[in-house]
1. Are there trypsin sites (Lys or Arg not before Pro) in the range 126-177 that DSSP puts in a loop and that have at most 10 other Cβ atoms within 10 Å, and which ones?
2. Taking the Cα centre of the range 64-159 as the origin, how large is its charge dipole in debye, to the nearest 20, when only Lys and Arg (+1) and Asp and Glu (-1) carry charge on their Cβ atoms?
3. By its C-alpha gyration tensor, with a ≥ b ≥ c as the square roots of the eigenvalues, how is the chain shaped: rounded for a/c under 1.5, else prolate for a/b larger than b/c, else oblate?
4. Roughly how tilted is helix 173-183, in degrees to the nearest 10 and between 0 and 90, from the longest Cα axis of the chain?
5. Extension gain Asp84-Leu146, at 0.36 nm per residue separation less the Cα-Cα distance, in nm?
6. Treating only the Cβ atoms of Lys and Arg (+1) and Asp and Glu (-1) as charged, compute the dipole magnitude of the chain about its Cα centre; round to the nearest 20 debye.
7. Order these peptides, 94-102, 62-70, by their mean beta-carbon neighbour count within 10 angstrom, highest first.
8. Taking the dipole about the Cα centre of the chain, with the C-beta of Lys and Arg at +1 and of Asp and Glu at -1, give me whichever of Ala18, Gln157, Ala125 is farthest to the positive side.
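We did not get these values from a lab; they are worked out from the coordinates using the rules stated. These numbers come from a predicted model, not from an experiment. Note that each Cβ is placed from the backbone with ideal geometry, even for glycine, and that neighbours are counted across all protein chains shown.
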Amino acid sequence: MSLFPIFLKLEGRRCVVAGAGQAGTQKIAGLLEADAEVTVIDPSPSQAVRELAWARRIALYTREFQASDLDSVYLVIAATSDADVNQRIYEEARNRGILANVVDVPPQCDFYYPAVARRGSLIVAVSSQGESPHLAQRVRDEIDALLPKELDEAVDQIGERRRRILREHAPGPERVQLLRDLVYPRVARA
């Protein structure tokens with residue numbers, strides 16, 4: 001198996017999480033961080049999930065999953081405690097061309113959650129392609145320890161300079177070199 005590593009823009013996209021236990025709640029938080037439009041289906045959600053609904057951060061349906069829950073959905077996460085329900089969600093999503101992830105069941109995942117290290121806009125994601133999430137987390141921790149804590153400020157400054165270069169310089173070798181110089185400054189030769 002070979003995965004295609006990408007970062008998805010989920011802002012304003014409808015995403016469903018079926019099951020709001022510990023794993024589902026973690027997935028909800030990540031989707032909200034990505035500004036997704038999150039719908040949660042769980043017959044007995046936790047107080048924390050209910051509070052998200054009361055704050056209008058998610059849409060919450062306190063019932064069992066129904067196939068119609070996938071109407072106009074971009075991505076679904078099946079995190080119920082019932083393997084048969086999760087399988088049904090996965091099959092329905094596949095039939096509709098919806099990205100699906102059944103938590104902790106790699107064969108029923110169109111994508112995996114990577115272990116992530118963040119410094120502002122810089123995101124480093126590590127995956128073991130579902131083979132060993134703990135190994136991916138360990139590698140992430142080692143990378144995270146190497147990244148300076150103030151790197152987020154540098155990333156923001158580089159981003160500002162990059163946007164200025166893109167505005168002020170026509171495409172071509174000079175612009176490419178200016179962009180490279182932002183992260184690989186040339187040393188003046190004597």
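1. Sparse-neighbourhood loop trypsin sites (Lys or Arg not before Pro): Lys149.
2. Numbers: 8 positive and 17 negative charges, 48 e Å.
My answer is approximately 220 debye.
3. prolate
4. Orientation of helix 173-183: about 70 degrees from the principal axis.
5. Gain in length upon complete extension: 18.1 nm.
6. Using Cβ point charges on Lys, Arg, Asp and Glu, the chain gives about 860 debye.
7. Listed from highest to lowest mean packing, they are 94-102, 62-70.
8. Farthest along the dipole direction, towards plus: Gln157.
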